[in-house]
There are 2 protein chains.
Amino acid sequence: MRIGVDLLGSDSSPELLLEAVEELDVVAELVTFGPDRFEEITTDDHPLLALRRKRDASIPSAMRALRDGDIDAFVSLGNTGALVASAAFTLPMLPGVDRPGLLTTLPTLSGSLAVLDVGANISLKPRQYLQFARLGAAYQQCTADIRHPRVGLLNIGTERIKGTRGIRDAHELLHSSDLSFVGNVEGRDAFTGDIDVLVTDGFSGNIFLKTAEGISMFILNHLREAFGDAVTPQVEEVLGDLNRHFNYAEYPGALVAGVDGVVVKCHGFSSKQAIQNGIRGAIRLVETNLIDRIKSALSPSM
Amino acid sequence: MRIGVDLLGSDSSPELLLEAVEELDVVAELVTFGPDRFEEITTDDHPLLALRRKRDASIPSAMRALRDGDIDAFVSLGNTGALVASAAFTLPMLPGVDRPGLLTTLPTLSGSLAVLDVGANISLKPRQYLQFARLGAAYQQCTADIRHPRVGLLNIGTERIKGTRGIRDAHELLHSSDLSFVGNVEGRDAFTGDIDVLVTDGFSGNIFLKTAEGISMFILNHLREAFGDAVTPQVEEVLGDLNRHFNYAEYPGALVAGVDGVVVKCHGFSSKQAIQNGIRGAIRLVETNLIDRIKSALSPSM
């Protein structure tokens, strides 16, 4: 297995990221895309302009390598918009999917929640909510062994009439689909474990994700400060566990979902740890044959 | 001082809410709007239709009493849409404000954050973001004694080009205003204490607020479970403090901001506690002469 790793386009230096890659002891061969051979698309670059002007940057080059089977997955800390657009231009789309979405998972009281889109598309057509619901459900079937994943639609109230016209139309489509659709879900009910997939547009989804991160970091900091030096072994254990559960900076990042290939956008907090977690996550997705399983999960119903 | 209290339109019975009102020992005279004399607008009612058909329901009746000076503030657990619309129809708007927004405050690492709109308007025109920024800044000047409140725009990235067209236009307007505008703010940076006002449309703001609530409830539950029976006095103290800080169910609720009158929408979790907190909050706002101070804060710059 060969995993492509982007050393460019993040806040961290290519040297630091290379160090992170070299520290890792994993089953896969890691193929780096660094400054020696590739141009850089920065976070400030406009995604589409950058892809047109920098055809040999690390992102589009790696995407072609993924398409051609030279690597089995691609992991990047770089420009999210460029990563998603390049995947959409270069890789085949999965059956019945118009555009890729960013999928990430969050812990809940009883398991994990797949959320998409968390930032690829500022707005969605109603049919795209349905497509993302199918993708999220297929992802949970494959990675969490949930036979009938329960799908919720992120909204500002549980009543059917809530939200914009587009969201109400999406509600109708989801309601008449073959998915286990539980209806509208508010942010505060997303973490109870009552749903497995949360569908949303990339703007609301990004707000949802980053607010969850912000509050959990805030509470963790507050707790550490409140306990101060007087941390007993029991308190230490609870805090450590809490940190593993809720420190979203330690999560493997987001999958560019809907394309025929494993493309992982790492989380940008602590870049060294982020890229290591992203690489481990990508290896797991390749090992468990995620894309083929999603394809067959999508096929009968499309 | 006379505070109007709505006993109708929530999940709790009028009897329970009346009990909550009677338990309170406050300086104000509490005037209840109950089932003996008023119709009910339910949470399932369509706000505008309900206001047209139930002219003598508790919400529009109390709003007229507020306009006529028979009460000094109105507190309700009822239908948010009807409450906002009734306020907009009945009360004068504050200078330079088109439509009311829902304003709530959240704790941050160093103080409090005023967030608006958290649910009154699904979308906003660019000029309305500026109006809400002014309202939020005036609120923080009055309630938190912050001379130059720092204003952030909720967005999915800090770069100016991020977000929808409407949000980019709002960014320009805020940038060229006389406010202390710090630019785009992501959900995860809202709680650091670097801003005093967060401006957003009612859809994104509602997702922001409810996600913050959901995550904090989730973490509090997780902590209580993790410590189990082995809670030392020190742990008990830290958890109690955390609960006071982050249990948003205990917050006084949201202000219908932008109208000439104190209208408070209570938080709907624990209704008895919610309405008591809402009443205490309304009394404070009347005592500190909030509306007049907001008016004078708005006037020089409009």
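The values are calculated or read from the model by the stated rules, or taken from the named source; none is laboratory data. For clarity, every value in this text was computed on a predicted model and none was experimentally measured. Positions of Cβ are backbone-derived with ideal geometry, glycine not excepted, and every protein chain shown enters the neighbour counts. When the accessible area is computed, the model is the full protein with side chains, heavy atoms only, and any ligands, DNA or RNA have been set aside. Shrake-Rupley method; radii C 1.70, N 1.55, O 1.52, S 1.80 Å.
In region A:181-218, burial by the other protein chains removes 50 Å² or more of 1.4 Å probe accessible surface, compared with the chain on its own, from A:R188, A:F191, A:F203, A:I207, A:K210, A:T211, A:I215, A:F218. Label sites at B:H46 and B:D11, each approximated as a point 7 angstrom past Cα along Cα to Cβ, lie 2.6 nm apart. Using a 7 Å projection from Cα along Cα-to-Cβ, the label point at B:T164 is separated from the same position in the remaining copies by 0.4 nm, smallest value first.
Cα-Cα over 23 Å: which of A:K210/A:K272; A:K162/B:K210; A:K265/B:K210; A:K272/A:K295; B:K54/B:K265; A:K54/B:K162? Distance filter (> 23 Å) returns A:K265/B:K210; A:K272/A:K295.
Across the identical copies, the 7 Å label point of B:L109, projected outward along Cα→Cβ, sits 3.0 nm from its counterparts, in ascending order.
Efficiency by 1/(1 + (r/R0)^6): what FRET value for B:R244 and A:N289, r their Cβ-Cβ distance, R0 = 56 Å, to the nearest 0.05?
On the way: r = 49 Å, r/R0 = 0.87.
Rounded to the nearest 0.05, the efficiency is 0.70.
Overall shape of region A:3-44 was characterised from the C-alpha gyration tensor. The equivalent ellipsoid obtained from it has semi-axes of 19, 11, 8 Å, in decreasing order.
What accessible area per residue comes out for chain A, rounded to a whole number of Å², with a 1.4 Å probe?
Values: 12080 Å² over 302 residues.
Accessible area per residue, chain A: 40 Å².
Shielding of peptide A:89-100 by partners, expressed as the average count of other chain Cβ atoms within 10 Å per residue Cβ, is 0. For chain B, the relative contact order works out to 23 percent when only alpha carbon pairs closer than 8 Å and six or more residues apart are counted. Restricting the calculation to alpha carbons of the protein assembly as shown gives Rg and Dmax of 25.2, 80 angstrom.
Would you mind giving the mean number of other chain beta-carbons within 10 Å of the Cβ of each residue in A:148-161, as a whole number?
Details: counts 0, 0, 0, 0, 0, 0, 4, 4, 12, 6, 1, 3, 0, 3.
Per residue, the average neighbour count from other chains is 2.
Ellipticity at 222 nm from helices only: DSSP H runs of n ≥ 4 in the protein assembly as shown, each -39500 (n - 2.57), divided by the residue count, give -14000 deg cm²/dmol. Within the accessible area of the protein assembly as shown, the carbon and sulfur atoms contribute 46%, probe 1.4 Å, all protein chains present.
From the alpha carbon centroid of region B:139-212 to that of region B:117-133 is 11 Å. Summing both sides, the accessible surface hidden between A and B at a 1.4 Å probe radius is close to 4500 Å².
Solvent-free Debye calculation, one equal scatterer per alpha-carbon of chain A: log10 I(q)/I(0) at 0.08, 0.09, 0.11 Å⁻¹ equals -0.35, -0.44, -0.66. Take chain A, connect every pair of alpha-carbon atoms lying under 10 Å apart with a spring to form a Gaussian network, then pick out the residue of A:G187, A:G261, A:G214 with the largest mean-square fluctuation. Top of the fluctuation ranking is A:G214.
The equivalent ellipsoid of region B:113-271 has semi-axes of 32, 17, 15 Å, largest first, where each one is the square root of 5 times an eigenvalue of the Cα gyration tensor. With the convex hull constructed from alpha-carbon coordinates only, region B:8-143 shows a mean projected area of 10.1 nm² over all directions.
Computed on region B:139-255, with alpha-carbon pairs under 8 angstrom and 6+ residues apart, the relative contact order is 24 percent.
Helices of chain B meeting both criteria, an alpha-carbon length of 18 angstrom or more along the long axis and an average Kyte-Doolittle score not below -0.5, with helices taken as full DSSP H segments, are B:126-144, B:202-227, B:271-287. Comparing B:L83, B:T143, B:P126 along the charge dipole axis of region B:40-146, the residue lying farthest to the positive side is B:P126, per the Cβ-charge model. Ranked by the mean number of other Cβ atoms within 10 Å of their residues, highest first, the peptides A:272-283, B:278-289 fall in the order A:272-283, B:278-289.
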